[in-house]
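Okay, structure first, notes after.
The values are calculated or read from the model by the stated rules, or taken from the named source; none is laboratory data. Remember, predicted model here, so these are calculated numbers, not experimental data. In this analysis, Cβ positions are derived from the backbone assuming ideal geometry, glycine residues included, and neighbour counts consider all displayed protein chains.
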Amino acid sequence: MVEDLNELKEKNSNREETIVECPECGSKHLAQDYDRGELVCEDCGLVVDNQYIDSGPEWRSFDMQQEESRARTGAPMTEMVHDKGLSTGIDRSNRDSYGRAIPSKKKAQIYRLRKWQRRIRVSDATERNLAYALQELDRMASTMGLPKNIRERAAVVYRKAVKKNLIRGRSINSVVAASLYAACRDAGVPRTLDEIADASASDRKEIGRTYRFLSRELVLKLKPTRPEEYLGRFCSELNLGGKVQKVAESIIKKAEEKELISGKGPTGLAAAAIYISSIQENKRRTQREVADVAAVTEVTVRNRYKELVKELDLDVEV
């Protein structure tokens, strides 16, 4: 019975990997209906597959308290903790395994046990380094509003650097900042070195040097950042809609076709494209506003703007 279930799970995972689009309309918007065991196309309604296995729990919960009481597993593994979250901890609720309050006479003992438990989780210098660095990474990512997947990627890069002994002679903060910068670029949501430096205690030049060193030693095959990767964030901060972003993307695409972006900063080009598209869509933003969001100077925005208008023959009424 167990072997049959494992075979079905393996078959189900293989099916998920092979079915990536609807055979009827070619849409990639597929939804899993685990109640019926079906894979359904959200665009045309075709039932692509009807032998899906529900891999969730067999129990139901209607609030967070029920979910916590009925769950029989712990938190998932994470790279954001030095021991990957596999060690145990003593809860601060001061209750025993039956949910009863611990007597006041034993609270001092529980406090000592909790303190020593916290200490023995970090056994050597490497783990102390990781514990401090990952806390700093989490703080920086929270300051910048970065999601969990980017934090996990940055933690993996930092762990590789520690494993290859690349931290020696460099500050932990600079290596953490460089790892976060690399993770942002790898995830396609790049942040500038100035933004990373503002959230870190390290200098911009030091972060850049450390990033180049890590990229070379860890063989991080990261492509150069593209201007269109900044458009969504810049438009959001300027309160511009998707139509302005779409026009800016078309401007960048035309500039790439004419090879106008080579040797120029991606943030400056993105800022100039947004400035042009905001004028064309009657949602004008000043050069100062766009420059402040993109962390470039007004002169840069003005120069890139003039080049794009001239080379692409754009109709812009200033």
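Could you say which residue among Ala187, Ala182, Ala201 is touching a residue at least 40 places away in the same chain (Cβ under 8 Å) and out of contact with any strand residue (DSSP E or B) (no Cβ under 6 Å at 6 or more places or on another chain)? Full working, then the answer.
Numbers: Ala187 fails: touching a residue at least 40 places away in the same chain (Cβ under 8 Å); Ala201 fails: touching a residue at least 40 places away in the same chain (Cβ under 8 Å).
One residue alone meets the criteria, Ala182.
Among the residues of region 258-307, count how many are not in a helix (DSSP H, G or I) and not β-branched (Val, Ile, Thr). If you could, list the steps in order and put the result at the bottom.
Of the residues in region 258-307, the ones not in a helix (DSSP H, G or I) are 258-265, 281-286, 295-297.
Then keep just the ones that are not β-branched (Val, Ile, Thr); that gives 258-260, 262-265, 281-285, 295.
Number satisfying all stated conditions: 13.
Kindly list the number of the only condition in (1) in contact (Cβ under 8 Å) with a residue 24 or more places away in the chain; (2) exposed (fewer than 12 other Cβ atoms within 10 Å of the Cβ); (3) assigned by TED's automatic domain parsing to the domain that holds Leu166 that fails for Ser55.
If we test Ser55 against (1) in contact (Cβ under 8 Å) with a residue 24 or more places away in the chain; (2) exposed (fewer than 12 other Cβ atoms within 10 Å of the Cβ); (3) assigned by TED's automatic domain parsing to the domain that holds Leu166, just (3) comes out false.
From (1) of a type in the set (A, V, I, L, M); (2) modelled with pLDDT under 80; (3) in contact with a strand residue (DSSP E or B) (Cβ under 6 Å, 6 or more places away or on another chain), pick out the condition that doesn't hold for Ala31.
(2)
Given (1) touching a helix residue (DSSP H, G or I) at 6+ places or on another chain (Cβ under 9 Å); (2) among the small types (Gly, Ala, Ser); (3) outside any helix (DSSP H, G or I), identify the lone condition not met by Ser174.
Looking at each condition in turn, Ser174 falls short on (3).
Counting only residues that are hydrophobic (A, V, I, L, M, F, W, C) and modelled with pLDDT of 80 or more, which one in region 74-85 is farthest from Val162 (Cα to Cα)?
Here the residue is Met77.
Which residues, taken from region 136-171, are under 16 Å from the mean Cα position of the chain (by Cα), among the aliphatic types (A, V, I, L, M), surrounded by fewer than 20 Cβ atoms within 10 Å (Cβ to Cβ) and farther than 15 Å from Ile196 by Cβ?
Of everything in region 136-171, just one residue is under 16 Å from the mean Cα position of the chain (by Cα), among the aliphatic types (A, V, I, L, M), surrounded by fewer than 20 Cβ atoms within 10 Å (Cβ to Cβ) and farther than 15 Å from Ile196 by Cβ, namely Val156.
Return yes when Arg226 is surrounded by fewer than 18 Cβ atoms within 10 Å (Cβ to Cβ), outside any loop (DSSP other than H, G, I, E, B) and of a type outside the set (Gly, Ala, Ser) and no when it is not. Before you say what the answer is, go through the steps one by one.
Working: surrounded by fewer than 18 Cβ atoms within 10 Å (Cβ to Cβ): yes; outside any loop (DSSP other than H, G, I, E, B): no; of a type outside the set (Gly, Ala, Ser): yes.
The answer is no for Arg226.
Just give me the residues in region 238-276 being under 26 Å from Leu193 (Cα atoms) and among the hydroxyl-bearing types (Ser, Thr, Tyr), in sequence order.
Ser262, Thr267, Tyr275
Can you list residue pairs whose Cβ atoms sit under 8 Å apart, with the first residue in region 262-278 being on the phi > 0 side of the Ramachandran plot and the second being not in a loop (DSSP other than H, G, I, E, B)? Count only pairs 6 or more apart in sequence or on different chains.
Within 8 Å, no pair qualifies.
What number of residues within region 40-57 are outside any loop (DSSP other than H, G, I, E, B) and either more than 28 Å from the chain's Cα centre (by Cα) or farther than 21 Å from Glu24 by Cα (or both)? Even if it seems obvious, please write down each step before you answer.
Kept after step one, since they are outside any loop (DSSP other than H, G, I, E, B), are these residues of region 40-57: 40-41, 47-49.
Then keep just the ones that are either more than 28 Å from the chain's Cα centre (by Cα) or farther than 21 Å from Glu24 by Cα (or both); that gives 40, 47-49.
Residues in region 40-57 being outside any loop (DSSP other than H, G, I, E, B) and either more than 28 Å from the chain's Cα centre (by Cα) or farther than 21 Å from Glu24 by Cα (or both): 4 in total.
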